[in-house]
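See below for the structure under consideration.
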Amino acid sequence: MDEKEKVNIFKNKNFNLLFAGVLVSNIAHVLFNFAISLYILRIAKEAFGVEQAALIQAAYLAVSGIILLVCMPFGGVLADKMNKVRIMYLTDYIRGITIGLVSVAVLFVDHAGTLLIILFIMNVILGVNSSLFNPASGSLLRFIVKDEELQQASSYMQGSANLQNIIGLILGGIIFATLGIFWIFVINAVGYIFSAISEMFIRYDHKAHTNDGEDITLHAILTDMKSGVRYLFGAKAILATILMALGINFFLSPIFSNAIPIFIEFGLGEEPRYLFDSFLTRETWYSIISVAFSVSSIIMALILSTKRTKESYSKQFKGAILGVVIVITFNSAVMIAYYLNLISIDLTLIGMTLSMFLAGFFIMNFNIPMSLVIQRNVEPRQLGKVSSVMNVLSQALIPIGSMLAGVIISQLSITYFFGFVTVGAWIVVLIYINNKVSNQI
């Protein structure tokens with residue numbers, strides 16, 4: 001390829017089909033996830049009362065997480081042994097048809113308890129299909145784009161995910177409030193069907209990573225799962241970087257899942273006045289804080305999409321992850337100062353929004369190159385297994401982190417929590433930076 005020739009990934013037909021399908025289905029998926037929690041709470045309250053409603057909603061979310069955790073390794077093995085595109089469009093069809101059928105139940109079933117049972121069954125079906133779809137889609141890019149297109153393709157895919165999140169959240173609020181849950185189900189079902197149709201036209205040589213002579217048995221799947229773990233342990237630089245990222249995520253994710261909602265509900269919610277309170281509710285501020293992260297992620301993804309692929313990403317990884325930890329430290333300092341009554345609620349809101357905006361830059365500056373490194377350096381026959389192992393590790397650590405955060409906040413205080421995540425994040429990043437293996441990636 002001529003060094004002066006600019007890469008335009010949208011000239012790649014297969015990428016366009018994948019991008020379009022993922023764009024539509026993911027917006028519908030975010031829209032659906034926004035509304036389903038509210039809907040579960042509403043009908044659970046009707047059937048069992050307010051106190052039990054939150055428990056039922058938590059059980060609904062837990063079922064999905066457990067299924068992903070248990071089934072995703074099998075999905076990774078299947079992704080390496082079968083046609084990835086076929087797995088994707090079949091699971092999208094199943095999800096679209098399932099949600100479409102449930103939409104009929106939503107329209108005609110009046111008994112709240114019966115509806116809850118139907119929704120839990122739907123949740124199981126969606127969870128199993130997601131565990132098959134995610135490893136296949138996550139490892140497909142390598143096979144449909146050229147090496148010089150990988151960085152731009154990965155940037156657009158990850159950058160669009162944040163745009164999809166913003167659009168889905170905005171549309172979810174509008175549609176749920178104006179048209180109701182039935183149309184949320186219908187739109188999500190149509191989104192999955194559209195995605196499946198788009199994916200059916202993707203063409204690639206699946207024999208590059210499959211072996212038609214191998215039978216897919218439980219023993220073979222378990223053996224391949226072990227193979228994926230062994231492969232990661234052999235790729236020391238990639239393993240060290242993955243473990244570092246998982247460690248940072250362990251301390252970072254509870255800020256989003258635990259600390260910020262607690263601040264919005266019991267901090268901001270109890271303030272007699274706050275910044276722009278004449279036209280912004282506390283829920284709106286929650287949206288602003290979340291959107292700040294997504295907007296900066298999109299900006300960084302667009303910036304990275306113009307960059308050429310590097311031979312080494314060691315310095316970029318270290319700079320990005322150091323930036324994340326500095327942002328965690330800044331955010332923790334702001335929140336501790338607020339809870340100790342050292343700064344006003346207005347400065348706290350500004351500080352939180354700023355920290356989330358900066359976090360989006362640094363996290364995307366790590367995530368996109370990391371995806372590229374894995375796509376480029378992991379053997380094609382191992383991509384699905386490696387992807388599933390990474391997903392399982394991250395899925396397993398996030399609930400543990402959230403539970404630990406809840407214990408610290410409830411038994412000690414939220415200021416102790418922010419001190420804990422700050423110290424923990426610094427320990428992880430310092431260990432990584434001083435590990436000689438990190439220079440080899």
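Each reported figure results from applying straightforward, stated rules to the coordinates on display, with no laboratory input. Not measured: the values here are computed from a predicted model. Here the Cβ positions follow ideal geometry from the backbone for every residue, glycine too, while neighbour counts run over all protein chains shown.
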- Of the options Val373, Ser287, Ala59, report the single residue whose Cα projects farthest towards the positive end of the charge dipole of the chain (beta-carbon charges: Lys, Arg +1; Asp, Glu -1). Val373
- The exposure ranking of Lys236, Lys81, fewest beta-carbon neighbours within 10 Å first, is Lys236, Lys81
- Using the Kyte-Doolittle scale, find the helices of the chain whose mean hydropathy is at least 1.0 and whose Cα atoms extend 18 Å or more along the helix's long axis, counting only whole DSSP H runs. 13-48, 50-81, 84-108, 112-138, 181-199, 236-254, 282-305, 314-339, 345-377, 383-411, 414-433
- Message: As a quick test, which of the pairs Lys81/Lys236; Lys81/Lys436; Lys84/Lys226; Lys11/Lys84; Lys146/Lys207 have an alpha carbon distance above 28 angstrom in this structure?
- Response: Lys81/Lys436
- Query: How do Val386, Val124 rank when sorted from fewest to most other Cβ atoms within 10 Å of their own Cβ?
  - Reply: Val124, Val386
- Gaussian network model of the chain, springs between alpha carbon atoms under 10 Å - residue of His111, His206, His29 with greatest fluctuation: His111
- Message: Using the Cα centre of the chain as the reference point, and only Cβ charges (+1 on K/R, -1 on D/E), how large is the resulting charge dipole? Debye, rounded to the nearest 20.
- Response: 1080
- With an 8 Å cut-off on Cα pairs and a minimum separation of 6 or more residues, tell me the relative contact order of segment 9-209 in percent. 45
- Message: Run the numbers for Leu302 and Val190: contour at 0.36 nm per residue of separation, minus the present Cα-Cα distance, in nm.
- Response: 37.4 nm
- Message: Could you sort the peptides 130-137, 324-331 by per-residue average Cβ neighbour count (10 Å cutoff), highest mean leading?
- Response: 130-137, 324-331
- About its Cα centre, what dipole magnitude does segment 9-209 give when the only charges are +1 on Lys and Arg Cβ and -1 on Asp and Glu Cβ, stated in debye to the nearest 20? 420
- Note on the structure: Among [x] 102, 48, 38; [y] 65, 58, 43; [z] 111, 54, 40, the value of Cα extents along the principal axes in Å computed for this structure carries the label [y]
- Item | Computed helical MRE - 222 nm, the chain, DSSP H runs ≥ 4 contributing -39500 (n - 2.57), nearest 500 | -27000 deg cm²/dmol
- Note on the structure: For the chain, averaging the sequence separation of alpha carbon pairs under 8 Å that lie six or more residues apart and dividing by its residue count, the contact order in percent is 27
- Query: Gain in length, Thr223 to Ile431, computed as 0.36 nm per residue apart minus the alpha-carbon separation, to one decimal in nm?
  - Reply: 71.7 nm
- Query: Top mean-square fluctuation among Ala301, Ala333, Ala161, Gaussian network model of the chain, C-alpha springs under 10 Å?
  - Reply: Ala333
- Query: What ranking of Thr178, Thr309, Thr241 emerges when the number of other C-beta atoms within 10 Å of each C-beta is taken as an exposure proxy, fewest first?
  - Reply: Thr178, Thr309, Thr241
- Message: If exposed means no more than 16 neighbouring beta carbons inside 10 Å and the site is in a DSSP loop, what's the longest run of the chain without any exposed GluC sites (Glu not before Pro)?
- Response: 6-213
- Item | Dipole magnitude of segment 231-440, debye to nearest 20 (Cβ charges: Lys/Arg +1, Asp/Glu -1, about Cα centre) | 1120
